[in-house]
Amino acid sequence: SLISVCIVTYNHMHFIAPAIQSVLDQNYPNVEIIVADDASTDGTVDIIRDFCTKYPTRIKAHLSLINQGISRNCNAGLKLCTGEYLCFLGGDDLFLPGKITAQFSWFQQHPEAALCGCGVEVFDSDSGRIMAVVRDKVLRQGGNVGRVIRQSCATPTSAFMFRMAKCGGITFDERTPIVSDWLFNIEACTRGKYGCVEGIYLRYRRHAGNITAYGSIRSHLEDRLVYTDIYLARYFRD
């Protein structure tokens, strides 16, 4: 089965090369890499072009000419993905070895599932210090999607793999630049069962830029509260 990995990036000149390499180094044999850049101004695009030249059959790029915001950039990359399964990766984060194989194998054992997560190692970009290890209890326990809406918030979208036979047609809501990834994950959870593998397979980088890129923490939490009510009303009218 073909796995699509959509790497979403903006001004990640110092991080994009190891992000791409972390996907190239996966031991799963059939992976296409889509890099969606949102009109970076810092040299990121030159690095992407170099990778495309070096790996023309494995990497495709969408290079936006104008900055459109993260939600539209995600959708632009998503349109180019052709795999039976889909992963996202922030241009400043890293897949750990074996991520794709572990999640693909999990899906083979759970044919009804739409989404599979994994453990996440959060690290400080400057020092390399591990700040936290995140294992989402809601994903591990499964159950009603209402629990995901109410409680699940710690796992970044880069930790997931999606089965496109279940999740095809889901897009990022371009009206919500702060929480569109969280809404994407919730929508996927309504399409089938969800769960996670036990291992830690994502390194999530914390640095000054990733807070401003996704909006302030306060704005994120405020938007989450608003959409929690909306989604609970949509899926649990009774």
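The values are calculated or read from the model by the stated rules, or taken from the named source; none is laboratory data. Since this is a predicted model, take the numbers as computed values, not measurements. Neighbour counts run over all protein chains shown; Cβ positions are idealised from the backbone, glycine included. Keep in mind that these areas ignore ligands, DNA and RNA; they rest on the heavy atoms of the full protein, side chains included. Shrake-Rupley method; radii C 1.70, N 1.55, O 1.52, S 1.80 Å.
I'd like the distance separating the alpha-carbon centroids of region 9-62 and region 156-198, in whole Å.
With region 9-62 and region 156-198 each reduced to a Cα centre, they are spaced 22 Å.
Can you give the FRET efficiency for D42 and E84, using 1/(1 + (r/R0)^6), R0 = 35 Å, r = Cβ-Cβ distance, to the nearest 0.05?
On the way: r = 34 Å, r/R0 = 0.98.
Once the sixth-power term is evaluated, E becomes 0.55.
Between T101 and N67, what FRET efficiency comes out of the Förster formula 1/(1 + (r/R0)^6) with R0 = 35 Å and r the beta carbon distance, rounded to 0.05? Walk me through the numbers on the way to the answer.
Numbers: r = 35 Å, r/R0 = 1.00.
Efficiency computed from Cβ-Cβ geometry: 0.50.
What residues of region 27-55 lie in the reach of a label at A17, counting those whose backbone N is under 16 Å from a point 7 Å from the Cα along Cα→Cβ?
Answer for region 27-55: 42-55.
Spin-label point model (7 Å from Cα, Cβ direction): what's the R49 to T176 distance in nm?
With each label point 7 Å from Cα toward Cβ, the separation is 3.7 nm.
Roughly how much of L80 is accessible, in Å² to the nearest 10, using a 1.4 Å probe?
L80 exposes around 60 Å² with every protein chain in place.
Grab the Cα-Cα distance for S1 and R58, subtract it from 0.36 nm times how many residues apart they are, and report the gain in nm with one decimal. Can you show the working numbers first?
On the way: separation 57, 0.36 × 57 = 20.52 nm, distance 1.48 nm.
Full-extension gain reported as 19.0 nm.
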